[in-house]
Amino acid sequence: MEDNKIIITGEDGETKEFFVEEETRLNNTSYLLVCDSMDEETQAYIMKDVSAPEDIESIYEFVVDDAELNAVAGIFSELLEDEDLI
């Protein structure tokens, strides 16, 4: 992760750049709150690090489980109370 940006490569080989707004840990898992642009009308996503300790680079996936998503979104909401991101 450089300059608060990450680049994700999909299964089809296509890459997408995301801007990291915040990071947190929950139950020994790292989570990122990312946006797809720096515009005010951006879409926000929560991603989690699913890489193994021996992996050279971090591997991130979008959080899709509703319970996990709600728990982590609540943490990010508290962390960014003064921000207008969520």
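The values are calculated or read from the model by the stated rules, or taken from the named source; none is laboratory data. Every value quoted in this text rests on a predicted model; they were computed, and no experiment measured them. All Cβ positions, glycine included, derive from the backbone under ideal geometry; neighbour counts span all protein chains shown.
Of note:
- Scanning region 21-42 for residues being loosely packed, with under 13 Cβ neighbours inside 10 Å and closer than 17 Å to ILE7 by Cβ gives a total of 2.
- The listed residues are LYS48, LYS16, and the only one of them that is in a strand (DSSP E or B) and buried (at least 16 other Cβ atoms within 10 Å of the Cβ) turns out to be LYS48.
- All positions within region 1-26 that are out of contact with any strand residue (DSSP E or B) (no Cβ under 8 Å at 6 or more places or on another chain), modelled with pLDDT of 90 or more and of a type outside the set (D, E, K, R): LEU26
- Among the residues of region 19-35, the one identified as outside any strand (DSSP E or B) and either among the aromatic types (Phe, Trp, Tyr) or under 19 Å from SER77 (Cβ atoms) (or both) is ASN27.
- Among (1) among the small types (Gly, Ala, Ser); (2) more than 13 Å from the chain's Cα centre (by Cα); (3) modelled with pLDDT under 90 - the single one SER58 does not satisfy: (2)
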